[in-house]
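Student: Here you go, one structure.
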Amino acid sequence: MIDPFGRRISYLRVSVTDRCDLRCVYCMAEDMTFLPKREVLTLEELDRLCGVFIGMGVQKLRLTGGEPLVRKNVISLFRSLGARLGDGGLKELTVTTNGTQLAHMAEDLYGAGVRRINVSLDTLDPAAFKAATRWGDIEKVLDGIFAAKAAGLAVKINAVALKGVNEDEYDRLLAWCGEHGFDLCLIETMPMGDISGDRTDQYLPLSLVRSRLREHWTLEDTDYKTGGPARYYTVKETGRRIGFITPMTHNFCESCNRVRLTCTGTLYMCLGQEDSADFRAMLRDPSVDDAALKAAVEAAIARKPKGHDFIIDRRHNRPSVGRHMSVTGG
Ligand code: SAM
């Protein structure tokens, strides 16, 4: 699949649920209204649509959410997608999770064919973690992370850089990741969906974070790529990598290779734009076959925009896109 700007689309991110067992302050409002079940695609519908994308050249698939691992029986979807791994088909099946369910699911994920996972963890401080997630228990997440490591999964820790929340912690996070053999990826907060607070107060440019880190760590250039937007460095002192995802200070849309499917079957061709294509009605219409789904995917890819235009400053203190990250899948 090639979009109008010559970019090859080989990466599909699928939000399998809008629900989450945490309420990170920059991600969701405390009193979120979640979707009724009938609006959410069944696991079979998700599997069928993913199969169409794989048939059209998608090589990497990431399940996300909401919290993907709280969806009932989601492991059966991992298994059916994992069965599509192999020559000429899917190359990688992966997941982004908050880690709360990993202690009992890590081995099953490995068994389904997952080899790398991203775990979101913004802070190692139990009180700060509770405050950032509104009620999360960090011990549960740490148990999950170490269960994943023990199961043989490569773990990357994702932390959103938040002023006043974790800005004094990156040295500690980097050292902790080095000690346990995890890569770390820092992410700039993006203006998506209404939250209770003011995003201008939270926004921390990663250009600043990187120069502060360089006071204590040697960040060596590397051309390591995971097919995502992160710019990676090798940390000489630990031998692990640190990545920076900078949608605000450096727009990376020119190399975008992905599209995002929500749990209701809406395909967003860009995280930061509103245009979308609906697949749920087609999936539920018995007269629609896979060839028609394929034609609809092609038509959607032909509308993929050049890029996003996120802005956070005092004059633009409203979301650039109305939907929360948990809808499109972060
Ligand atoms: N529940 C899973 C998790 O915690 O990783 C998957 C979904 S969550 C929406 C995916 C990632 O998006 C998390 O790392 C989260 O921190 C990040 N995220 C959520 N809202 C964001 C925002 N406004 N800007 C930047 N990252 C955000």
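FYI, it's all coordinate maths here, none of it is from the lab. Every value quoted in this text rests on a predicted model; they were computed, and no experiment measured them. Don't worry about glycine lacking a Cβ; one is built from the backbone with ideal geometry, like all the others, and counts go over all protein chains shown.
Student: Based on Cβ point charges of +1 for Lys and Arg and -1 for Asp and Glu, what charge dipole magnitude is obtained for the chain about its Cα centre, in debye rounded to the nearest 20? Write out the running numbers ahead of the final one.
Tutor: On the way: 45 positive and 44 negative charges, 120 e Å.
Roughly 580 debye for the chain.
Student: Sticking with this structure for a sec: Report the Cα centroid-to-centroid distance between the range 153-176 and the range 255-296 in angstrom, as an integer.
Tutor: Each part's Cα centre sits 34 Å from the other's.
Student: Test of understanding: in a Gaussian network model of the chain with alpha carbons linked when under 10 Å, which of Asn118, Asn166, Asn158 would top the mean-square fluctuation ranking?
Tutor: Asn166
Student: In the Gaussian network model of the chain, springs joining C-alpha atoms below 10 Å, which of Gly144, Gly82, Gly239 carries the largest mean-square fluctuation?
Tutor: Among Gly144, Gly82, Gly239, the largest GNM mean-square fluctuation belongs to Gly239.
Student: Could I ask something else about it? Shape call for the range 1-153 from the C-alpha gyration tensor, a ≥ b ≥ c root eigenvalues: rounded (a/c under 1.5), prolate (a/b greater than b/c) or oblate? Walk me through the intermediate numbers first.
Tutor: Working: a/c = 1.83, a/b = 1.48, b/c = 1.24.
Prolate shape, in that a/c is at least 1.5 and a/b is the bigger ratio.
Student: What residues have an amide H closer than 5 Å to that of Asp21, excluding those fewer than 5 places away on the same chain, when H is modeled at 1.01 Å from N in the peptide plane?
Tutor: Glu67
Student: For Lys149, give me every one of the lysines with a C-alpha distance below 19 angstrom, ignoring sequence neighbours fewer than eight places off in its own chain.
Tutor: Lys140
Student: Mind checking which of Met1, Ser15, Val25 is farthest towards the positive end of the range 1-44's charge dipole, using Cβ charges of +1 (Lys, Arg) and -1 (Asp, Glu) about the Cα centre?
Tutor: Result: Met1, furthest along the dipole toward the positive end.
Student: Would you look at the GNM of the chain, springs on alpha carbons closer than 10 Å, and say which of Phe34, Phe129, Phe252 moves the most?
Tutor: The residue with the greatest mean-square fluctuation here is Phe34.
Student: Semi-axes, largest first, in whole Å: what does sqrt of 5 times each Cα gyration tensor eigenvalue give for the chain?
Tutor: Values: eigenvalues 179, 99, 84 Å².
They are 30, 22, 20 Å, listed largest first.
Student: From the Cα gyration tensor of the range 261-305, with a ≥ b ≥ c the square roots of its eigenvalues, which class applies: rounded if a/c is under 1.5, or else prolate if a/b is larger than b/c, or else oblate?
Tutor: Values: a/c = 3.41, a/b = 1.60, b/c = 2.13.
Oblate, because a/c is 1.5 or more while a/b does not exceed b/c.
Student: So who's got an amide H within less than 5 Å of the one on Asn158, skipping anything under 5 residues away but keeping other chains? H placed 1.01 Å off N, in plane.
Tutor: Placed amide hydrogens put Val119, Ser120, Leu121, Cys185 under 5 Å from Asn158.
Student: At a Förster distance of 41 Å, what's the computed FRET efficiency of Ala83 paired with Thr33, Cβ-Cβ distance as r, to 0.05? Please list the in-between numbers first.
Tutor: On the way: r = 35 Å, r/R0 = 0.86.
Plugging the Cβ-Cβ distance into 1/(1 + (r/R0)^6) gives 0.70.
Student: In the range 68-100, which residues have a backbone nitrogen under 17 Å from the label point lying 7 Å from Glu45's Cα in the Cα-to-Cβ direction?
Tutor: 71-74, 77
Student: Next question. So for the chain, taking the charge dipole from beta-carbon charges (+1 Lys/Arg, -1 Asp/Glu), which of Thr189, Ala154, Leu271 sits furthest toward the positive end?
Tutor: It is Leu271, whose Cα lies furthest towards the positive end.
Student: Using the Karplus curve 6.51 cos²θ - 1.76 cosθ + 1.60 with θ = phi - 60°, what ³J(HN,Hα) values do you get for each residue of the range 74-86, in whole Hz, with x for Gly and Pro?
Tutor: Using θ = phi - 60°, the values come out as 4, 4, 5, 5, 4, 5, 5, 6, x, 5, 8, 6, x Hz.
Student: Another question about this same structure. First select every other residue whose beta carbon is under 10 angstrom from the beta carbon of Asn158; then total the charges, Lys and Arg +1, Asp and Glu -1. Could the numbers behind the result be given before it?
Tutor: Details: positive: Lys156; negative: Asp122, Asp183.
Net charge in that neighbourhood comes out at -1.
Student: Counting only GluC sites (Glu not before Pro) that sit in a DSSP loop (anything but H, G, I, E, B) with at most 10 other Cβ atoms within 10 Å, what is the longest stretch of the chain containing none of them? Can you show the working numbers first?
Tutor: Numbers: sites that count: Glu30, Glu215.
My reading of the result: 31-214 is the longest stretch.
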